[in-house]
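Read through the structure below, which is laid out as structure tokens, and then see the notes.
The values are calculated or read from the model by the stated rules, or taken from the named source; none is laboratory data. Since the model is a prediction, treat every value here as computed from it, not as a measurement. Cβ sites come from the backbone with ideal geometry, for glycine too, and all protein chains shown count toward neighbours.
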Amino acid sequence: MNLMYLQNKQWVSLVVPIEAVRGLRFQQGKWIIYVSDPEPMAVSVFRLTDGTMKRAAASIPQYNEAEEIRIGHGEKLWQWLLQQPNVEVELVEAAGLPSMFPKVAGASPNPNLGLSGPVAIK
């Protein structure tokens, strides 16, 4: 799948295998796609553009271009996305911290859990 988005006023293309697409979420009236980045354990977040959503609605039989795909039809949108060679998205959040750690002040990929390593016995 080729994700195309604007970054610093220039088009960027991110080609990812289908296996890298981690999920699709309907949130605050928009569809969000989660994609594994080539960096270890990192996930980038993209919002499907209005143009992409119009093309999807026009391609799903029970919808037309003027309708919004409803929250209960995420699976149909997902199947449509997986068949698209190019998907226009908006970058919401680039991969940074590994996705398993909360993105809050002080969080890092190497949290201090107060544990000490093994001690050699003499």
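List pairs: first in segment 52-79 and without any contact (Cβ under 8 Å) to a residue 24 or more places away in the chain, second among the hydroxyl-bearing types (Ser, Thr, Tyr) and buried (at least 17 other Cβ atoms within 10 Å of the Cβ), Cβ under 9 Å, 6+ apart or cross-chain?
Ala57/Tyr63; Arg70/Tyr63; His73/Tyr63; Lys76/Tyr63
Conditions: (1) within 14 Å of Met4 (Cα to Cα); (2) surrounded by 14 or more Cβ atoms within 10 Å (Cβ to Cβ); (3) at pLDDT below 80. Ala95 meets all but one. Number of the miss?
Only one criterion is unmet by Ala95, namely (1).
Can you spot a residue in segment 23-36 that is assigned to a helix (DSSP H, G or I) and at pLDDT 80 or above? Give the steps one after another, and end with the answer.
Residues of segment 23-36 assigned to a helix (DSSP H, G or I): none.
There is no residue in segment 23-36 that is assigned to a helix (DSSP H, G or I) and at pLDDT 80 or above.
So if I check each of Glu88, Glu67, which one is acidic (Asp, Glu) and surrounded by fewer than 15 Cβ atoms within 10 Å (Cβ to Cβ)? Give the steps one after another, and end with the answer.
Numbers: Glu88 fails: surrounded by fewer than 15 Cβ atoms within 10 Å (Cβ to Cβ).
After ruling out the rest, the residue left standing is Glu67.
Which of the residues belonging to segment 70-79 are exposed (fewer than 10 other Cβ atoms within 10 Å of the Cβ) and closer than 17 Å to Ile33 by Cβ? Spell out how you get there, then give the answer.
Let us first name the residues in segment 70-79 that are exposed (fewer than 10 other Cβ atoms within 10 Å of the Cβ), namely 72, 75.
Selection gives Glu75 alone.
Taking segment 37-67 as the region of interest, how many residues are at pLDDT below 80, of a type in the set (D, E, K, R) and over 17 Å from Ala94 (Cβ atoms)?
2
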